[in-house]
Amino acid sequence: MALLSVDELSVTFAGQGGGRGAGSGARRDTKAVDGVSFEVEEGQVVGLVGESGCGKSVTALALMGLLPRKGVSVGGRAEFDGADLLSMGEKKIRDLRGSQLAMIFQDPLSSLNPVVPIGIQVTEILTRHRGLKGEPARKEAASLLDRVGIPDPDRRLKEYPHQLSGGMRQRALIAMAVACAPRLLIADEPTTALDVTIQAQILELLKELVDQQGTALLMITHDLGVVAGLCDQVNVLYAGRAVETAGRRELFAHPTHPYAHGLLGSIPRLDAPRGDPLRPIRGSINDKIAWADGCAFAPRCDFYTMECLTGTPELTEPRARGHQVRCVNPVLPAETSAGTAEVSS
Amino acid sequence: MADRPEEDKTGEPLLRVEGLVKHFPVKKGLLQRQVGAVKAVDGLSFDVHPGETLGIVGESGCGKSTMGRLITRLDEPTDGRIEFQGHDITHMSAGKIRPLRRDVQMIFQDPYSSLNPRHTIGTIVGAPFKLQKVEPEGGVKKEVQRLLGLVGLSPEHYNRYPHEFSGGQRQRIGIARALALSPKLVVADEPVSALDVSIQAQVVNLLDDLQDELGLTYVIIAHDLSVIRHVSDRIAVMYLGKIVELSDRKSLYERPMHPYTKALLSAVPVPDPKRRGVKSERILLKGDVPSPISPPSGCRFHTRCWKATEVCRTVEPPLIQLEPGHEAACHHPENAPDQIPDDTKVLASAREAIALVGDAVAAGADAGKASAGEPAVGEPAVSEPAVVKPAVGEPAEAPEETSEAPKGLTKE
Ligand SMILES: Nc1ncnc2c1ncn2[C@@H]1O[C@H](COP(=O)(O)OP(=O)(O)OP(=O)(O)O)[C@@H](O)[C@H]1O
Ligand SMILES: Nc1ncnc2c1ncn2[C@@H]1O[C@H](COP(=O)(O)OP(=O)(O)OP(=O)(O)O)[C@@H](O)[C@H]1O
Ligand code: SF4
Ligand SMILES: [Mg+2]
Ligand SMILES: [Mg+2]
C-alpha cells in the first residue's frame, strides 16, 4: 500500500452572489481540482506538473487540510497511511502536520513570520518535532541553514525574514521542512527563486531525505529540469485533472498527451538557435471547456476532433503499461519522434 | 506612444548609474552598536539605453534585488549616483519623485507580499491610474480587464482577492500593474520564475511585443540563464555586490570572459534526461559564496576561481572594456588577452576551486543524483561511475573547451 493514495480529489470554491467593489458582477464557482488521482510510496518522488493555475497548490493544500472551511467543497479520498486526510477532524490533522506531514509553501515571505528571527522559527520546529532545546537546537538549526547553502548561518539565524534575499527565504523554508523529518513532504515549487548551483544542492538534500529516511516526496514544480532529474513518477495536470501519468524517462521520451507534448516543446534552452521566438502552446488556460463536456484542452489542441467534445476522455494506456493518458487522439510514435526531433534540434 | 522621449534620438542613456552602493548596517548587543555592514551592492556603474533590455544575473544573495530597489528609488542608496533621463534622482524627495513613479515601475520578486490582501485585483491593477490621476480611454475597469487579458488572466478575475489566485497568477498581476501606465523603464525582478514554460513564453513574448510597440526599456533580473539569454540585449553578471562582466548577449554567451560567468553558463542543466551527457564537461564551482560583510580582498571571486594568482588576491581588477561592447573585471580573463601575463603561479586554493565533471554526472548532481549509476537512455557514457574528477591537468573534451583550458593549471 502506498503511503499516500489520492483518489478522485476535487476542490470547488463557491462563487458569490455579487462581490464588493465597483460594478461587480456575480462570480461563478471555481472548480480548481477536478478528479485528481495519484499515489506516493515511501522513498519515492512523485511530480505534479502543469500550467499555472491548473490546481497544483490547491491539491497540496487540500491534502494538508489547509483550505479554508468556508465556501470550499472537497470531494474524493486521500489516504495517508490508511486514514482519510479529507474527512479527518481538525485536531487530528493538525497533529499529523505537527509530526508526519510537512509542506514547503510556494510563497516564502508570507509563510515566514515577519516579526520573529529565522533562528527562533527553526528551533521552534526542532523542539516540537525532535525535542531539541537550547544550544543543541541552535547548533542543529545552524547546520540546517548550512546544508541549504546559506552562508554565515550563525548570523542569519538572528536575522528577520525581510533581511534575507528571496532565494535565502526559500531555503530557510526548506530547512524548516527538512527539520521536521516528515514521512510525507510536499514541496510546492521549492526552487523557483534559486540559481542552478544552489538548486542542485537543494535537490541533493531532498533526495537524501528520500533515500535515507524513506520520506515520500510530492514535488510540485513547473520546472521540467527538476522533473527530469528528481522525479520517479510524473503526473501532468491540466485544468484540475491529470492528463498524463508516466515514469520520468517514458514521459520525456514519449510525451503522448498533446498538452504534455506542447509543454516539452516550449522550454527556452541554451542550445536553441538564437532569436528563435519561444513557442508557447497557443491560447491560454482560460480557453477551456468543462471536463464534464469534453476534453478541457480541446480549444487549444492541434489534434482535436469532434470526439473530444463528447464527455470526459478516459484514461488509457496507448503506449506502454503504466503510461496513462487522458486523450482521444494521443500523439503516437511517428508524430512524437517528429515533434521531439524538432524540439531538440 | 507618440510622446517618445527626446533622449532616444540623441543616444543619451535613459538610466545612468555610477558607483552605486548600498550597505545594510549589522548591529550587535544591547546598545545595538553597528559592528559592520552587509555590502549588498558595492559600487555598480552601468547605463541603460532607451528601448533596450539589460539582463542581470548572479547567484542568490549577490545583490540583484537590492540593486533593483535602488534604481527604482524604493530604497535610499548609501553612495553613488542615479540619473534618469539626465536628471539626478539619487536623493530626490518623496514629493518630487511622484511623477517619476509613473515612468519607472518595478515588478517584485515576492508577488504575494507586494499585493494588498484586502484589495481586489481590479483595485490593485487600477491603482496606478487613480494615483497618477490618469483616465484611460474607455474607463479604468475596461483598461484593467484588458491588461489582465494581456498577461493571460481572465477579465472575470477583476473582483477576486490576491489569496484567491495561484502563485503564477499573482506574479502576472504584478506584471499587469507595472505595465498599466506604459512606463518608460520597467525593472522586473524574477518576472517569470513562478511560471511554467508555456506561460513563461507567453509573458516573455508579451514583454517583447510591448517593447516593440511602446519602446519600453527593461532591466530584467533573473537567475535563469536561458530566459535571460532570450530577452536581453545586454547582460550584467553580478558577484557579491559587483558587476564582474557586462556585455552584449551574443558575445557573453559565445565568449564569456570572466571565469565566474563561464562557470555559471556551464552549470545550466538540460531539461531532458536523454540529452544529458551529450556535451563535454561542466564546471562545478565548489565552496560557499563568501560573506558580503567581509568580502574577499582583491578580486572577490578569487577564493573560488581556478585561475586565481597572487595579484588576484591583492589587487581588485577594474571593470574594463576588453573588446568592443564587452567589459570584464578579471586579471586573467578567458577569451581575451591576459591582463597580468607575468603572474602565472596559481594560488593553492585555485586547484581545488572547481571540479570538471562529465555532463551526465553533473546532471545527476543537479538532480540529486537521481540518475547516477543508472544508464541514461542510449548514452553509454552515463553509466560511468560518478567520480568527480579533479580539475588540475584534466583537459576537457570538446575542442573549444580545450583551447580555453585554464591557463597555469597544466603547468605546476
Ligand atoms: N481561495 C480561492 N478562491 C477561489 N479560487 C481559487 C482560490 N485559490 C485558488 N483558486 C483558483 O484555483 C485554481 C488553481 O489554483 P492553484 O493555486 O492550485 O494553481 P497552481 O497549479 O498551484 O498554479 P501556480 O503554478 O501558478 O502556482 C486557480 O485558477 C486559482 O485562481
Ligand atoms: N533590509 C535588509 N537588511 C539587511 N540585509 C539585507 C536587506 N536586504 C537585503 N539584505 C542582504 O543583502 C544581500 C543581497 O540581497 P538581495 O536581496 O539583493 O539578493 P538577490 O541577489 O536579489 O538574491 P536572490 O536571488 O536570492 O533574490 C543579502 O546578503 C541580503 O541578506
Ligand atoms: S582570474 Fe583572478 S581576477 Fe580573474 S576571476 Fe579569477 S581570481 Fe578574479
Ligand atoms: Mg501554485
Ligand atoms: Mg532577489
As an exercise: evaluate A:Val74 against (1) in contact (Cβ under 8 Å) with a residue 40 or more places away in the chain; (2) more than 25 Å from B:Phe165 (Cβ to Cβ); (3) open to solvent by 60 Å² or more (accessible area, probe 1.4 Å) and give the number of the one condition it does not meet.
(2)
Of all residues in segment A:315-345, count the ones that are part of a loop (DSSP other than H, G, I, E, B) and at pLDDT 90 or above.
5
Pick from segment A:77-101 the residues that are assigned to a strand (DSSP E or B) and aliphatic (A, V, I, L, M): which of them is surrounded by the fewest Cβ atoms within 10 Å (Cβ to Cβ)?
A:Ala83
Looking only at segment A:222-241, which residues are farther than 27 Å from A:Tyr304 by Cα and open to solvent by less than 20 Å² (accessible area, probe 1.4 Å)?
A:Gly225, A:Val226, A:Val227, A:Ala228, A:Gly229, A:Leu230, A:Cys231
Do we find that B:Met257 is open to solvent by less than 10 Å² (accessible area, probe 1.4 Å), part of a loop (DSSP other than H, G, I, E, B) and at pLDDT 85 or above in this structure?
yes
Identify the residue in segment B:159-173 that is more than 13 Å from ligand 4 (Cβ to nearest atom) and either open to solvent by 10 Å² or more (accessible area, probe 1.4 Å) or part of a strand (DSSP E or B) (or both) and, among all such residues, is nearest to the other protein chains (Cβ to nearest Cβ).
B:Asn159
If I ask for residues that are open to solvent by less than 60 Å² (accessible area, probe 1.4 Å), touching a helix residue (DSSP H, G or I) at 6+ places or on another chain (Cβ under 7 Å) and either closer than 14 Å to A:Ala260 by Cβ or among the aromatic types (Phe, Trp, Tyr) (or both), which ones from segment A:289-311 would you list?
A:Cys295, A:Phe297, A:Cys301
Just to check your reading of the model, which residue among A:Thr127, A:Thr123, A:Thr59 is within 14 Å of another protein chain (Cβ to nearest Cβ) and either away from ligand 4 (no atom under 16 Å from the Cβ) or open to solvent by less than 50 Å² (accessible area, probe 1.4 Å) (or both)?
A:Thr59
Give me the residue from segment B:52-108 that is more than 18 Å from B:Pro183 (Cβ to Cβ), open to solvent by less than 20 Å² (accessible area, probe 1.4 Å) and more than 14 Å from chain A (Cβ to nearest Cβ) and, out of that set, nearest to ligand 2 (Cβ to nearest atom).
B:Pro77
Restricting segment A:183-208 to residues that are surrounded by fewer than 22 Cβ atoms within 10 Å (Cβ to Cβ) and polar (S, T, N, Q), which is farthest from ligand 2 (Cβ to nearest atom)?
A:Gln201
Hey, any hits in segment A:99-106 for a residue that's more than 16 Å from ligand 5 (Cβ to nearest atom), touching a Cys at 6+ places or on another chain (Cβ under 6 Å) and not β-branched (Val, Ile, Thr)?
yes
On the given criteria, is A:Glu244 of a type in the set (Asp, Glu), open to solvent by 10 Å² or more (accessible area, probe 1.4 Å), closer than 23 Å to A:Cys327 by Cα and away from ligand 4 (no atom under 16 Å from the Cβ)?
no
Restricting to segment A:157-203, give me the number of residues that are within 10 Å of another protein chain (Cβ to nearest Cβ) and either in contact with a Phe, Trp or Tyr (Cβ under 7 Å, 6 or more places away or on another chain) or in a helix (DSSP H, G or I) (or both).
19
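The values are calculated or read from the model by the stated rules, or taken from the named source; none is laboratory data. Computed from a prediction, not measured in an experiment: that's the story for all the values here. Every residue, glycine as well, gets a Cβ built from its backbone with ideal geometry; the counts of neighbours run over all protein chains shown. For accessibility, only protein heavy atoms count, side chains too; no ligands or nucleic acids. Shrake-Rupley method; radii C 1.70, N 1.55, O 1.52, S 1.80 Å.
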